[in-house]
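> This is the structure I have questions about; it appears just below.
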Amino acid sequence: MFKRSLFTVLVLWVSVTSACAQGKDDPLWQRALKLHREAIVVDTHSDTTSAILDEGFDIGQRSARYHMDLPRMKEGGLTAEFFAVYVDKKFVKDNQSAHRALEMIDVVRHDIAGRYPNDFILAASVEDIRRAKAQGKIAALMGIEGGHAIEDSLRLLRDFYALGVRYMTLTHTNTNNWADSSGDAAKHNGLADFGKQVVLEMNRIGMMVDISHVADKTFFDVIAVTKAPIIASHSSARALANHPRNMTDDMLRAVAKNGGVVMVNFYPSFIDQTVMEADHRRDQELKPQLDAIRAKYQHEPEALAAEMRRFEEAHPLPRATLATLIKHIDHIAKTAGIDHVGLGSDFDGIPTVPVGMEDVSKLPHITYELLKLGYSERDVKKILGENLLRVFGEVERVSRQWAARQ
């Protein structure tokens, strides 16, 4: 079995070398491909799960519509993907948040790992990720996006952990009953008392605390409370693009002191100031049209996605580039330190991507660009995945230590 898997991986890498080279047959490109092939490559945020649940997408089939599918995950040399258990805020109204989370978890367990057992391993630990690498498979992990999914219950939090969830984003765009969001009005001046209990329980059970989407005050409250390193599963640098979803340099330094890691988001409106401002202007000028589309198709997710794609095509924004994305990685590495930056694409959760990073198959280009900047092979491997594994392993260690004290 191992030999057959290894042979398959080698064949795939021959094909990706041929496909990606396209003028990059220079020694540095060959070195980048070799390094990328050897590295553990981790992406901490993909919303492909929503496409599978809401639109019937088959991840095993190559798609021209989505950013991520099995053939291109292999071409991109991906070792591990944290699939988003994304729970839209609309599910809060009818107390359906936990129900939605369970459906999303089933997508990963049944439609991804269960449907393609020769290609995916349902993973829940650092050891599982390294085992997937050794077997030439892809580790499928889960992270809840939106703390309202636990419906204010530590029991549900523990249940989700038992089902394989290994991080939780404390808020999404909505402020919930215990934590303020960067995308909503503040109600708690950061993290409420119950929110502090949630963070400590996540520490205890070994679930990574994700601060992407939270308000700045919530972030600093988490830093003060947590006993384990934290992650930002898909956030970028505010010094380069002044968006509240991004992290200030003070926040980056706080993550470094905490021992955590910031996984860079690929969304052009989060990484390019010009694109962000154009996006804001478009939303303001065309708000009635956008509101009408969302209202008309609010109960038809597939039709809504199609209409939004048509809207994007009719009203295009300036394009960010791979170079812009690399600037965020470089800035975070220089501000927080090389041990505190990684990749959190947000593939299939964002309407546009940078030129040069059109889908998951393009990940080797990040390795190439980092080598071109002068990053050592050891440091590139940290950015590609080892930093996240270090944090994940430390979260596991804190949990074991907690259990030993009981």
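The values are calculated or read from the model by the stated rules, or taken from the named source; none is laboratory data. Just so you know, these numbers come straight off a predicted model, no measurement behind them. So basically every Cβ, Gly included, is an ideal-geometry build from the backbone, and we count neighbours across all protein chains shown.
> Restricting the search to segment 334-344, which residues are closer than 16 Å to A39 by Cβ and out of contact with any Leu (no Cβ under 6 Å at 6 or more places or on another chain)? Spell out how you get there, then give the answer.
Taking segment 334-344 and keeping what is closer than 16 Å to A39 by Cβ, we get 338-339, 341-343.
Within segment 334-344, I338, D339, V341, L343 meet the criteria.
> Would you call S212 touching a residue at least 40 places away in the same chain (Cβ under 8 Å), crowded, with 18+ Cβ neighbours inside 10 Å, farther than 30 Å from A404 by Cα and of a type outside the set (A, V, I, L, M)? Working first, answer last.
Working: touching a residue at least 40 places away in the same chain (Cβ under 8 Å): yes; crowded, with 18+ Cβ neighbours inside 10 Å: yes; farther than 30 Å from A404 by Cα: yes; of a type outside the set (A, V, I, L, M): yes.
So S212 fits the description; yes.
> Within segment 209-220, take every residue that is assigned to a loop (DSSP other than H, G, I, E, B) and within 19 Å of M276 (Cβ to Cβ) and give me the one that is nearest to the chain's Cα centre (by Cα).
Once the filter is applied, the top-ranked residue is S212.
> Same structure again: Looking at (1) modelled with pLDDT under 95; (2) crowded, with 17+ Cβ neighbours inside 10 Å, which is the only condition E313 fails?
(2) is the only condition that E313 fails.
> Report, by residue number, each residue of segment 252-297 that is touching a residue at least 12 places away in the same chain (Cβ under 8 Å) and over 30 Å from I329 (Cα atoms).
Those that are touching a residue at least 12 places away in the same chain (Cβ under 8 Å) and over 30 Å from I329 (Cα atoms): L286, Q289, L290, I293.
> When you go through (1) assigned to a helix (DSSP H, G or I); (2) within 18 Å of the chain's Cα centre (by Cα); (3) under 21 Å from I150 (Cβ atoms) one by one for F82, which number turns out not to apply?
With (1) assigned to a helix (DSSP H, G or I); (2) within 18 Å of the chain's Cα centre (by Cα); (3) under 21 Å from I150 (Cβ atoms) applied to F82, the lone miss is (1).
> Assess whether A224 counts as being within 20 Å of A336 (Cα to Cα) and modelled with pLDDT of 95 or more. Talk me through it step by step, then tell me what you get.
Values: within 20 Å of A336 (Cα to Cα): yes; modelled with pLDDT of 95 or more: yes.
Yes.
> Going through N203, N189, N174 one at a time, which residue ends up being surrounded by fewer than 23 Cβ atoms within 10 Å (Cβ to Cβ), modelled with pLDDT of 95 or more, on the phi > 0 side of the Ramachandran plot and of a type in the set (S, T, N, Q)? So that I can check it myself, show each step before the final result.
Values: N203 fails: on the phi > 0 side of the Ramachandran plot; N174 fails: on the phi > 0 side of the Ramachandran plot.
The unique qualifying residue is N189.
> Could you check segment 68-89 and list, in sequence order, the residues that are closer than 20 Å to F392 by Cβ and among the small types (G, A, S)? Reasoning before the result, please.
First, the residues of segment 68-89 that are closer than 20 Å to F392 by Cβ: 73, 77-85.
Across segment 68-89, the qualifying residues are G77, A80, A84.
> What's the total number of residues in segment 116-125 that are of a type in the set (S, T, Y) and under 19 Å from the mean Cα position of the chain (by Cα)?
Restricting attention to segment 116-125, the residues satisfying the condition of being of a type in the set (S, T, Y) are 116, 125.
Among the residues that remain, those that are also under 19 Å from the mean Cα position of the chain (by Cα) are: 125.
Result for segment 116-125: 1.
> Same structure again: Scan segment 334-361 for residues that are within 15 Å of V255 (Cβ to Cβ) and surrounded by fewer than 23 Cβ atoms within 10 Å (Cβ to Cβ) and jot them down. Break it down into steps so the answer makes sense when it comes.
Our first condition is that a residue be within 15 Å of V255 (Cβ to Cβ); within segment 334-361, this holds for 334-342, 344.
Of everything in segment 334-361, those that are within 15 Å of V255 (Cβ to Cβ) and surrounded by fewer than 23 Cβ atoms within 10 Å (Cβ to Cβ) turn out to be K334, T335, G337, I338, D339.
> I would also like to ask the following. Quick check on segment 371-378. Is at least one of its residues among the aliphatic types (A, V, I, L, M) and surrounded by 23 or more Cβ atoms within 10 Å (Cβ to Cβ)?
In the first step, residues of segment 371-378 are kept if they are among the aliphatic types (A, V, I, L, M); the result is 371, 373.
With surrounded by 23 or more Cβ atoms within 10 Å (Cβ to Cβ) added as a condition, the list becomes none.
No: zero hits.
Yes/no matrix, rows are residues, columns are (1) under 19 Å from I231 (Cβ atoms); (2) over 19 Å from the mean Cα position of the chain (by Cα); (3) crowded, with 20+ Cβ neighbours inside 10 Å:
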residue: Q96; (1), (2), (3): no, yes, no
residue: D106; (1), (2), (3): no, no, no
residue: G114; (1), (2), (3): no, yes, no
residue: E127; (1), (2), (3): yes, yes, no
residue: A134; (1), (2), (3): no, yes, no
residue: I138; (1), (2), (3): no, no, yes
residue: L141; (1), (2), (3): yes, no, yes
residue: G147; (1), (2), (3): yes, no, yes
residue: I150; (1), (2), (3): yes, yes, yes
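> Could you tell me whether any residue of segment 146-156 is touching a strand residue (DSSP E or B) at 6+ places or on another chain (Cβ under 6 Å) and closer than 19 Å to T48 by Cα?
No - not one qualifying residue is present in segment 146-156.
> Listed residues Q284, Q289; which is touching a helix residue (DSSP H, G or I) at 6+ places or on another chain (Cβ under 8 Å) and either on the phi > 0 side of the Ramachandran plot or at pLDDT below 95 (or both)? Can you show your working first?
Values: Q284 fails: touching a helix residue (DSSP H, G or I) at 6+ places or on another chain (Cβ under 8 Å).
Sole residue among the options that is touching a helix residue (DSSP H, G or I) at 6+ places or on another chain (Cβ under 8 Å) and either on the phi > 0 side of the Ramachandran plot or at pLDDT below 95 (or both): Q289.
> Only one of these is in contact with a Ser or Thr (Cβ under 9 Å, 6 or more places away or on another chain) and either of a type in the set (G, A, S) or at pLDDT 95 or above (or both): V85, V92. Name it. Steps first, please.
Working: V92 fails: in contact with a Ser or Thr (Cβ under 9 Å, 6 or more places away or on another chain).
Going through V85, V92 in turn, just one is in contact with a Ser or Thr (Cβ under 9 Å, 6 or more places away or on another chain) and either of a type in the set (G, A, S) or at pLDDT 95 or above (or both): V85.
> How many residues are among the polar types (S, T, N, Q) and buried (at least 22 other Cβ atoms within 10 Å of the Cβ) when one looks only at segment 116-125? Steps first, please.
Filtering segment 116-125 for residues among the polar types (S, T, N, Q) gives 118, 125.
When the remaining residues are screened for being buried (at least 22 other Cβ atoms within 10 Å of the Cβ), the result is none.
The number of residues fulfilling the criteria is 0.
> So in segment 32-64, with the set limited to residues that are among the β-branched types (V, I, T) and assigned to a helix (DSSP H, G or I), which one is nearest to A303 (Cα to Cα)?
So in segment 32-64, the residues among the β-branched types (V, I, T) come out as 40-42, 44, 48-49, 52, 59.
Among the residues that remain, those that are also assigned to a helix (DSSP H, G or I) are: 48-49, 52.
Details: T48: 17, T49: 17, I52: 14 Å.
The extreme case among them is I52.
> Going by the conditions given, is L304 touching a Phe, Trp or Tyr at 6+ places or on another chain (Cβ under 7 Å) and either of a type in the set (F, W, Y) or not assigned by TED's automatic domain parsing to the domain that holds G349 (or both)? Steps first, please.
Details: touching a Phe, Trp or Tyr at 6+ places or on another chain (Cβ under 7 Å): yes; either of a type in the set (F, W, Y) or not assigned by TED's automatic domain parsing to the domain that holds G349 (or both): yes.
Yes: the conditions hold for L304.
> I'd like to know if segment 111-133 contains one or more residues that are in the same structural domain as S376 (by TED's automatic domain parsing), of a type outside the set (A, V, I, L, M, F, W, C) and under 19 Å from D348 (Cα atoms). First the steps, then the outcome.
If we filter segment 111-133 for residues that are in the same structural domain as S376 (by TED's automatic domain parsing), which is where we start, we get 111-133.
In the following step, the residues that additionally are of a type outside the set (A, V, I, L, M, F, W, C) were identified as 111, 114-119, 125, 127-128, 130-131, 133.
Those left that are additionally under 19 Å from D348 (Cα atoms): 111.
Looking for residues that are in the same structural domain as S376 (by TED's automatic domain parsing), of a type outside the set (A, V, I, L, M, F, W, C) and under 19 Å from D348 (Cα atoms), one finds at least one in segment 111-133, hence yes.
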